[in-house]
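These notes concern the structure reproduced below.
What follows draws every value from the coordinates through simple rules; no lab data is involved. Note that this is a predicted model, so its numbers are computed, not measured. Positions of Cβ are generated from backbone atoms using ideal geometry, with glycine treated the same way; all protein chains shown enter the neighbour counts.
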Amino acid sequence: MVLEATMIVVDNSESSRNGDYLPSRWEAQVDATNLIFSAKTGANPESSVGLMSMGGNTPEILTTLTTDIGKILDGLHRTKIKGSSHFSTGINVAALALKHRQNKSQKQRIIVFTCSPLEDDEKSLVKLAKRMKKTGISIDIIAFGELGEGTIKKLEMFSENCQSAEGSYLAVVQPSSNLLSDSLITTPILGGDSNSGGAGAGGASGEGGDAGGNQFEFGVDPSVDPELALALRMSYEEEKARQEKDKKAKEVAEGKPELEQIAESDEKQPLLDEEGQPSGSGSGSKDKKDKDGDLDKMDMA
């Protein structure tokens, strides 16, 4: 599997307080971050994930690259919702964090959550995208919330200009009854539909939740969410083993009385008869009767 160093950039601006995603936009990001971490480290144990926020007064690195989910959760717990988002600055800081990764063989990727309007102009965004492409950094964008057409257009332009060999994707997730993390499973960001490139992943709404998973066993791509796929496989195997065990136990229970009766009858019958001859079902008694008949004939003679 791909060996990657991934920086997750969360949007902790005031817009993340909105409750159009259950239970809120911020909590939806926390749940989705947990899913992304599991997918990346599960696909390759040597992959590492970092965390930073782009809201407030300035972007902040919450957790450097790590393989410990506890550090990621701690960083999320310490994050405060405040201020406005800083999209371009956040990406620049994330790129700097990736540059200082310990394992230089790791490919670089940034995953950005955004639920706020973009204040950056198109020209500066295109320039930033081309610079990220030149440095070999792939950028995935998860846009959710009620974003205007202008913001969506800027994000699409940014995603188109930072396309790399490893793929950069834009997922526009519309509000629905589904969790944000459930909608992400079917996007190219988590391998749900690898045929959707660049900004073409915009159809990740709640209604299209099953579009990319049915081709895999149990509806989950093992390379994307190995823990969930393994859990489903183990659950299936355990249920199958339990049914087989119950079936065997039932068969044994039905055949047990007959075996016990045979064993008891054998124990009552001695191995040797009174004359020291092997006891049998009828041969011994028949021989005894023949001998008695011969003696009677000799007496009469």
If R0 = 41 Å, then residue 3 and residue 130, at their Cβ-Cβ distance, give a FRET efficiency to the nearest 0.05 of 0.95
Net lengthening on full extension, residue 61/residue 121 (0.36 nm per residue, minus Cα-Cα): 19.2 nm
Of region 146-173, those with amide N under 14 Å from the point 7 Å along the Cα→Cβ vector of residue 18 are 146-152, 172-173
Provide the packing ranking of 36-47, 3-14, i.e. peptides ordered by the mean count of other C-beta atoms within 10 Å per residue, highest first. 3-14, 36-47
Approximate spin-label separation residue 146-residue 68, in nm, with each point projected 7 Å along Cα-to-Cβ: 4.2
Quick check: Cα centre of region 57-104 to Cα centre of region 117-186, how many Å? 18
Pairs over 25 Å Cα to Cα, from 71/134; 71/153; 130/154; 82/134, come to 71/134; 71/153; 82/134
Kirkwood-based Rg over Rh for region 114-158 (C-alpha set), two decimals? 0.98
Under 1.5 on a/c is rounded, so check that first for region 56-126, then, if it is not, pick prolate when a/b is larger than b/c and oblate when it is not; a ≥ b ≥ c are the square roots of the alpha carbon gyration tensor eigenvalues. oblate
Can you tally the net charge around residue 154? Count Lys and Arg as +1, Asp and Glu as -1, for every other residue whose Cβ sits under 9 Å from the Cβ of residue 154. -3
Rg and Dmax [Cα atoms of region 1-114; Å; Rg one decimal, Dmax integer]: 13.4, 40
